[in-house]
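The values are calculated or read from the model by the stated rules, or taken from the named source; none is laboratory data. As the structure is a prediction and not an experimental result, all values here were calculated from the model. In this analysis, Cβ positions are derived from the backbone assuming ideal geometry, glycine residues included, and neighbour counts consider all displayed protein chains.
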């Protein structure tokens, strides 16, 4: 398994601002991901955070809106840029382990006013 | 696009009752994972099933993977109030994208005392 922490755990932000979410893993992992979970909904994959190269985004998500960094094998950040109320969601990072299992962080609950 | 249909969407039962949650798809998955998510937290991995026809037991929870690896079920025996939560199934793709999970919409289970 993997132990994942996220900062901040929650935030309330104003429209038009940006928020950077941090994800730290207790061991080196190759695959890290960022998901969004809108209120009452299931999880939607935003992107795969690639170490040393640009993230791979899923359909409907773009780098300008959700820039991602992955400086090493234990850390990643997701920025939600130019926020609007529609961006209010829980943002989750996850890792894929060598045992072919995916573990999630506790999430960051974002509210945009 | 791989889709996972999860049913029922909502389930409210009395403590001590049994229940089954279903996860169905027309696509074949290399593996299927079940998660439980409590309010304000990230999903917690319960089990991964890999082989068609596989059955795994976790105390009062029984997980089954369909023979064709297109569907799965979660059965809970003698439900307890602590089983309350959102249950999510997630299928992993095949080939080079076996780390990408497709999530069902979830089953919100409430176990009443």
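Looking across the range B:1-53, the residues that are away from chain A (no Cβ under 14 Å), outside any strand (DSSP E or B) and over 28 Å from residue A:89 (Cα atoms) come down to B:15, B:16, B:17, B:18, B:26, B:27, B:28, B:52, B:53. Considering the range A:95-113, and only residues there that are more than 8 Å from chain B (Cβ to nearest Cβ) and either part of a strand (DSSP E or B) or under 12 Å from the mean Cα position of the chain (by Cα) (or both), the residue that is surrounded by the most Cβ atoms within 10 Å (Cβ to Cβ) turns out to be A:95. Within the span defined as the range A:64-82, every residue fails to be under 16 Å from residue A:7 (Cβ atoms), at the interface with chain B (Cβ under 9 Å from one of its Cβ atoms), touching a residue at least 12 places away in the same chain (Cβ under 8 Å) and assigned to a strand (DSSP E or B). Counting the residues of the range B:54-72 that are crowded, with 18+ Cβ neighbours inside 10 Å and outside any strand (DSSP E or B) gives 4.
Condition check ((1) buried (at least 19 other Cβ atoms within 10 Å of the Cβ); (2) modelled with pLDDT under 90; (3) in contact with a helix residue (DSSP H, G or I) (Cβ under 6 Å, 6 or more places away or on another chain)) across all residues:
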{"residue": "A:4", "(1), (2), (3)": "yes, no, no"}
{"residue": "A:8", "(1), (2), (3)": "no, no, no"}
{"residue": "A:20", "(1), (2), (3)": "no, no, no"}
{"residue": "A:23", "(1), (2), (3)": "yes, no, no"}
{"residue": "A:50", "(1), (2), (3)": "no, yes, no"}
